[in-house]
Amino acid sequence: MPLIAFLHTHVTSWVLLLVLFAVAYIGYKNGNKSGKIAHMVFRLMLLVAFGTGLYLYLQLLEGGMFYHVKITVGLLTLIFGEMTLIRMKKHKPAGTMFGGFVILALVTIFIGYALPYGLSFFSNFI
């Protein structure tokens, strides 16, 4: 597969991750069974996002320091998202984890779009 196909699959997977995170978060908050189902699909999409991200990282390894920063922040985003949903499932306070997830997700998206394969209007910042 060409690199651009993996890039599109990666972007699609994290968009679905954000939607599934919201559905699972709201489902757990309301005590619905939809939270558990969305959480399981969220975990499946985590594997897809991680796999495509790792492939892109290995293919673009010579791209510079920001690729290393991007994969590190991306992994932290996935960890914070999963930990937020686990804390919601166990009915424990998840405000700090949720805040960390939101901030890390925004930073990850910004860095991803600022890299050479991202949108050109962010490339001036890095």
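Computed from the coordinates by the stated procedures, all read-outs in this text should not be read as laboratory data. Bear in mind the structure is a predicted one, so any value in this text is a computation, not a measurement. Counting neighbours? That spans all protein chains shown, and the Cβs are built from the backbone with ideal geometry, glycine included.
The calculated FRET efficiency for THR12 paired with HIS91, based on their beta-carbon distance and R0 = 25 Å, is about 0.20.
Counted by Cβ distance under 11 Å from GLY35, the other residues give a net charge of +4, where Lys and Arg count +1 and Asp and Glu count -1.
In this label model, LEU60 and ILE37 are separated by 3.5 nm, measuring between points 7 Å along each Cα→Cβ vector.
Applying 1/(1 + (r/R0)^6) with R0 = 25 Å to the Cβ-Cβ distance of VAL107 and ALA22 gives a FRET efficiency near 0.85.
Calculated from the alpha-carbon coordinates, the chain shows an Rg and a Dmax of 15.2, 47 Å respectively.
Kirkwood-type hydrodynamic radius, the range 61-114: 11.7 Å, calculated from all non-identical alpha-carbon pairs. Label zone (LEU47, point 7 Å along Cα-to-C-beta; backbone nitrogen cut-off 19 Å) within the range 62-79: 75, 78-79.
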